[in-house]
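**Q** Below is one structure. I have some questions about it.
The values are calculated or read from the model by the stated rules, or taken from the named source; none is laboratory data. Keep in mind it's a predicted model, so treat the numbers as computed, not measured. Every residue, glycine among them, receives a Cβ derived from its backbone with ideal geometry; neighbour counts consider all protein chains shown.
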Amino acid sequence: MKVPAETVPESPAPSATRAKTRVLMVLLGLLAVWPLVHHALVLRWDLSPWHYCGFAMYCLPRPRLRIDFEGGGRPLDATIKKRIHPWVAAYADKRQAMGELAEPDTVARAILATAPELASFEIVVTTFYFDVPSASFLKKVRRYPYTR
């Protein structure tokens with residue numbers, strides 16, 4: 001028994017099938033390569049393994065930060081710290097995700113606007129991280145000096 005030609009569904013054009021296959025292969029290739037790229041970014045710029053679809057989040061604890069401020073070798077006044085808190089909180093979130101790629105320039109501008117009497121100061125960022133070879137937590141201190 002023959003099926004009438006009107007009821008037989010048309011197969012997709014060969015070029016459409018090839019295009020879909022190529023798109024799928026490119027996506028699978030990116031999925032396979034991304035962990036290697038992400039790992040390199042984490043090692044080079046302390047990018048967070050917990051952000052940007054990194055698979056390392058499953059095997060590393062989330063790094064912790066401490067942000068301190070020094071003006072003339074002394075800690076900044078508590079009232080200045082209280083006034084700049086929104087900028088510090090936003091920077092801490094950004095620093096958690098972007099690591100060394102996040103510069104504290106917005107916090108520095110807030111300090112300069114809030115404390116005009118300061119001629120120079122430093123923003124000290126301490127990152128606590130887990131060191132796999134030694135199986136212990138270590139800290140990395142980065143100082144950002146600013147002057148008027």
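**Q** Quick check: anything in the stretch 68-86 β-branched (Val, Ile, Thr) and within 19 Å of the chain's Cα centre (by Cα)?
**A** Within the stretch 68-86, not a single residue is β-branched (Val, Ile, Thr) and within 19 Å of the chain's Cα centre (by Cα).
**Q** Which residue pairs have Cβ atoms under 8 Å apart, sit 6 or more places apart or on different chains, and have a first residue in the stretch 96-112 that is at positive phi and in contact (Cβ under 8 Å) with a residue 12 or more places away in the chain and a second that is buried (at least 19 other Cβ atoms within 10 Å of the Cβ) and assigned to a helix (DSSP H, G or I)?
**A** Final answer for the pair search is GLY99/VAL42.
**Q** Of all residues in the stretch 64-83, how many are part of a strand (DSSP E or B) and more than 19 Å from LYS94 (Cα to Cα)?
**A** Final tally of qualifying residues: 4.
**Q** Looking at (1) part of a helix (DSSP H, G or I); (2) modelled with pLDDT under 75; (3) β-branched (Val, Ile, Thr), which one does THR21 not meet, given that it meets all the others?
**A** Against the list (1) part of a helix (DSSP H, G or I); (2) modelled with pLDDT under 75; (3) β-branched (Val, Ile, Thr), THR21 comes up short only on (2).
**Q** Kindly evaluate ILE123 against the criterion of being closer than 30 Å to CYS53 by Cα, modelled with pLDDT of 90 or more and either of a type in the set (Gly, Ala, Ser) or surrounded by 12 or more Cβ atoms within 10 Å (Cβ to Cβ) (or both).
**A** Taking the combined requirement at face value, the residue satisfies it.
**Q** Now for a separate question. Surrounded by fewer than 14 Cβ atoms within 10 Å (Cβ to Cβ), at pLDDT 90 or above, in contact with a strand residue (DSSP E or B) (Cβ under 6 Å, 6 or more places away or on another chain) and under 30 Å from VAL42 (Cβ atoms), is that true of ARG66? Don't jump to the end; show me each part of the working.
**A** Details: surrounded by fewer than 14 Cβ atoms within 10 Å (Cβ to Cβ): yes; at pLDDT 90 or above: yes; in contact with a strand residue (DSSP E or B) (Cβ under 6 Å, 6 or more places away or on another chain): yes; under 30 Å from VAL42 (Cβ atoms): yes.
It is true that ARG66 is surrounded by fewer than 14 Cβ atoms within 10 Å (Cβ to Cβ), at pLDDT 90 or above, in contact with a strand residue (DSSP E or B) (Cβ under 6 Å, 6 or more places away or on another chain) and under 30 Å from VAL42 (Cβ atoms).
**Q** Taking LEU41 as the residue in question, decide whether it is among the aliphatic types (A, V, I, L, M), assigned to a helix (DSSP H, G or I) and either touching a His at 6+ places or on another chain (Cβ under 8 Å) or modelled with pLDDT under 85 (or both).
**A** Here the answer is yes, as LEU41 does meet what is asked.
**Q** Spot the failing condition for PRO61; the list is (1) surrounded by 12 or more Cβ atoms within 10 Å (Cβ to Cβ); (2) over 24 Å from PRO145 (Cβ atoms); (3) at pLDDT below 80; (4) in contact with a helix residue (DSSP H, G or I) (Cβ under 6 Å, 6 or more places away or on another chain), and only one is missed.
**A** Evaluating PRO61 over (1) surrounded by 12 or more Cβ atoms within 10 Å (Cβ to Cβ); (2) over 24 Å from PRO145 (Cβ atoms); (3) at pLDDT below 80; (4) in contact with a helix residue (DSSP H, G or I) (Cβ under 6 Å, 6 or more places away or on another chain) leaves (4) as the failure.
**Q** If you go through the stretch 131-148 one residue at a time, how many are part of a strand (DSSP E or B) and modelled with pLDDT under 85?
**A** 1
**Q** Go through the stretch 114-148 and give me each residue that's under 14 Å from LEU76 (Cα atoms) and small (Gly, Ala, Ser).
**A** Those that are under 14 Å from LEU76 (Cα atoms) and small (Gly, Ala, Ser): ALA115, ALA119, SER120.
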